[in-house]
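Below is one structure, written out as structure tokens; the observations come after it.
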Amino acid sequence: MAPTRRSTEQLLPFVLVMLTAAVSWYAHAQAWDLGRRSPILSPASAQVALAAREMRWRGHLATPFAVPLDLVRHAGPPWPLSAVQPGLVLIEALIFKLAPAHGVPVGSDPRAWLTLLVPFTSFLLLGALGMFGTRHLLARYVPDATAWVRSGAPAVIGLGLALDPEAQHLAISGLPELPATLLLLAAILGLARGSGATHPLAFGLLLGVAGLFRAQMAWLGPLFALLAGWSATAGAGRRTALLALAGFALPLLPWWGYQWSTFGAPGWDLARFALWDQVEGRSLLEMLHRPEPPDVPAVLDAVPLLGGKLAQNLGRLLPLVLEGPRGLWLGALAAWLLTRPARPLAAAGLAALAGFVLELLAAGLGLAWPRDLYPMRTLAEAAGLFALWTLLGRWSAAGRSVRAALRAAVAVLALGWGVWLSHAARVEAGTASRERGVPASRSLTALSATLNGVLRPGETVMSNLGPSLAWQTNHPVLALALAPADVAACRRRHDFRHIVLVFRHAERAWPAWREIVEHAGTAATVSELGVSRERRMQTADGFHVVWLELGPLPSALAAAARRRG
């Protein structure tokens, strides 16, 4: 009967975690009205899907979408990848190859649904790996744990990962955060079981593959490699760390070579300009949507400015990451590390906590988006929950029944917090989906059909819809310039004849474009645009569309554009 009992202990928690993850994913997708009111592809995930489709069709890393700043280095489409990592691009390209479309689709490409395969699968695997990884650590380090602990603790960890609302939202978005989080969890479990020290090259390769999905691995990868060396046996630390670093670099070398040959530096990414957002009145929108290199101060000169920005952003982020029981989990993880656990376990705990702190600092110096904290935040919280159970189990002043009751209370608190967050996120998603800045899928399809009836094959369009419109129309799209006055400078680098403005309300249009959206005929009075025709329409879901056809460039500007070409 023992094998049956052990099988039940493993099977029931696994089924519970998988069922909870699937139901929460479906409920979140329903709240967003995914595929109807909310397009399957968000502007961010559409950038990945566009690059994947370009790879499938033409066999190279490129994209038909660019921001005006991209024109400084590369004038015409397809443009090199400057804003996305290649990992998810390559996987989606393979999926598109296995599920080819019949010809070039016009309007909505039904393969947009395929972009959810990797995030959804990663979401399920994240809960499963958290559950089975916790079970393995208990069997390895707490062999005398009771049956309730062996079954309950892994189930709570897996359920906590599945109930995280950010994970649910990322699972309905074709973004690389969930695959990266899954790989980071595998790396932390590898440290905990000693694999980082015994198989450093394979451990480093795992970190390198994670780096293909997430640029933040530039500092997390070396941190994990150094901790693998620290957890190794005496005398083998340096060799272990070097092998892990070598393994980390191997998968990334082709990508770094691509960036070097294309942009002149490895690790080049448009996201680096986020460092200067909120510094001396700059904004990332302003820097990316003008066709000229932004004027930024030298880093050393800007240290006081960056320090002020970091302090301000941390004041916004810390209440979010410490709300509810999250501060308890993180505090328990720090306290548990002070108890000097086994070296492999300590390395895993340090990786989770130090990685979270590094990502918190990076987010504070960047755009301060909570989404940027998700991978290490959720892993640090899971590690903190495990650490709190361990600390309670060692509380010698309390009796055995008291310790069991406290552990059960912690589990109930964790699950209750996850359920409450999931419910609140679904309510918020329902409200946000009705105020989205991108039209519904049906409206995008109708708009793309109208555009394709006029545009020449391969003709570039400028639009605030950016990658979403590029996916729908199969035309190159240049993101909207910051102001009408910047359009002529963009056309000097790459000529185009159509601007499509799509906003839910005129008051939600960009400040410099608001009057053009609000009042018909205003665009014709702006000399920098050179409008030859203006069309206005409204989508079925109430978005205002202003379609501007531009006249030819003046002869001097056209000559400059030809020289640049």
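The values are calculated or read from the model by the stated rules, or taken from the named source; none is laboratory data. As the structure is a prediction and not an experimental result, all values here were calculated from the model. Counting neighbours? That spans all protein chains shown, and the Cβs are built from the backbone with ideal geometry, glycine included.
Residues satisfying the criterion are absent from the stretch 242-254 (criterion: surrounded by fewer than 18 Cβ atoms within 10 Å (Cβ to Cβ), at negative phi, part of a loop (DSSP other than H, G, I, E, B) and touching a residue at least 40 places away in the same chain (Cβ under 8 Å)).
Can you name every residue in the stretch 219-230 that is buried (at least 24 other Cβ atoms within 10 Å of the Cβ) and more than 18 Å from Ala363 (Cα to Cα)? Listed by number, the residues that qualify are Phe224, Ala225, Leu227, Ala228. Taken over the stretch 278-314, residues that are of a type outside the set (Lys, Arg), in contact (Cβ under 8 Å) with a residue 24 or more places away in the chain and under 21 Å from Leu69 (Cα atoms) amount to 13.
Being among the small types (Gly, Ala, Ser), at pLDDT below 95, surrounded by fewer than 17 Cβ atoms within 10 Å (Cβ to Cβ) and outside any helix (DSSP H, G or I) narrows it down to one of Ala398, Ala368, so name that one. Can you show your working first?
Details: Ala368 fails: surrounded by fewer than 17 Cβ atoms within 10 Å (Cβ to Cβ).
Just one listed residue meets the conditions, Ala398.
For Gly237, indicate whether it is in contact with a Pro (Cβ under 6 Å, 6 or more places away or on another chain), closer than 14 Å to Arg343 by Cα and not polar (S, T, N, Q). No; evaluated as a whole, the condition is false for this residue. In the set (1) within 30 Å of Gly174 (Cα to Cα); (2) part of a helix (DSSP H, G or I); (3) not small (Gly, Ala, Ser), Arg407 fails one condition alone, (1).
Name the single residue, out of those in the stretch 323-345 being charged (D, E, K, R) and surrounded by 13 or more Cβ atoms within 10 Å (Cβ to Cβ), that is farthest from Glu381 (Cα to Cα).
Going residue by residue through the stretch 323-345, those that are charged (D, E, K, R) are 323, 326, 340, 343.
Now narrow it down to the ones that are surrounded by 13 or more Cβ atoms within 10 Å (Cβ to Cβ): 326, 343.
Working: Arg326: 7, Arg343: 20 Å.
So, considering only residues that are charged (D, E, K, R) and surrounded by 13 or more Cβ atoms within 10 Å (Cβ to Cβ), the one farthest from Glu381 (Cα to Cα) is Arg343.
Screening Pro341 against (1) closer than 30 Å to Ser195 by Cβ; (2) in a helix (DSSP H, G or I) leaves a single unmet condition, (2). Residue pairs whose Cβ atoms lie under 7 Å apart, separated by 6 or more positions or on different chains, with the first residue in the stretch 429-448 and more than 13 Å from Pro43 (Cα to Cα) and the second in a helix (DSSP H, G or I) and among the aromatic types (Phe, Trp, Tyr), are Ala429/Trp32; Ser433/Trp32.
When you look at Arg238, is it on the phi < 0 side of the Ramachandran plot, assigned to a loop (DSSP other than H, G, I, E, B) and either in contact with a Phe, Trp or Tyr (Cβ under 9 Å, 6 or more places away or on another chain) or among the basic types (Lys, Arg) (or both), yes or no? So Arg238 does not fit the description; no. Residues that are in a helix (DSSP H, G or I), out of contact with any Pro (no Cβ under 7 Å at 6 or more places or on another chain) and surrounded by 17 or more Cβ atoms within 10 Å (Cβ to Cβ) within the stretch 415-441 comprise Gly418, Arg426, Ala429, listed in sequence order. Residues in the stretch 245-274 that are modelled with pLDDT under 90 and within 26 Å of Leu226 (Cβ to Cβ): Ala265, Pro266, Gly267, Trp268, Asp269, Ala271, Arg272.
Taking the stretch 15-43 as the range and being buried (at least 18 other Cβ atoms within 10 Å of the Cβ) and either modelled with pLDDT of 95 or more or part of a helix (DSSP H, G or I) (or both) as the test, the residues that pass are Val17, Thr20, Ala21, Ser24, Trp25, His28, Ala29, Ala31, Trp32, Pro43. Given the conditions (1) more than 22 Å from Leu465 (Cβ to Cβ); (2) under 16 Å from the mean Cα position of the chain (by Cα), which single one is not true for Ser42? With (1) more than 22 Å from Leu465 (Cβ to Cβ); (2) under 16 Å from the mean Cα position of the chain (by Cα) applied to Ser42, the lone miss is (1).
Taking the conditions exactly as written (out of contact with any Asp or Glu (no Cβ under 7 Å at 6 or more places or on another chain), more than 18 Å from Ala51 (Cα to Cα) and not basic (Lys, Arg)), does Asn464 satisfy them or not? Reasoning before the result, please.
Values: out of contact with any Asp or Glu (no Cβ under 7 Å at 6 or more places or on another chain): yes; more than 18 Å from Ala51 (Cα to Cα): yes; not basic (Lys, Arg): yes.
Yes, satisfied.
Tell me, which residue of the stretch 65-79 that is part of a loop (DSSP other than H, G, I, E, B) and at pLDDT below 95 is nearest to Ala489 (Cα to Cα)? That would be Ala75. The condition (being under 24 Å from Ser82 (Cβ atoms), assigned to a loop (DSSP other than H, G, I, E, B) and in contact with a helix residue (DSSP H, G or I) (Cβ under 7 Å, 6 or more places away or on another chain)) is satisfied by just one residue among Ala470, Ala488, Ala481: Ala481.
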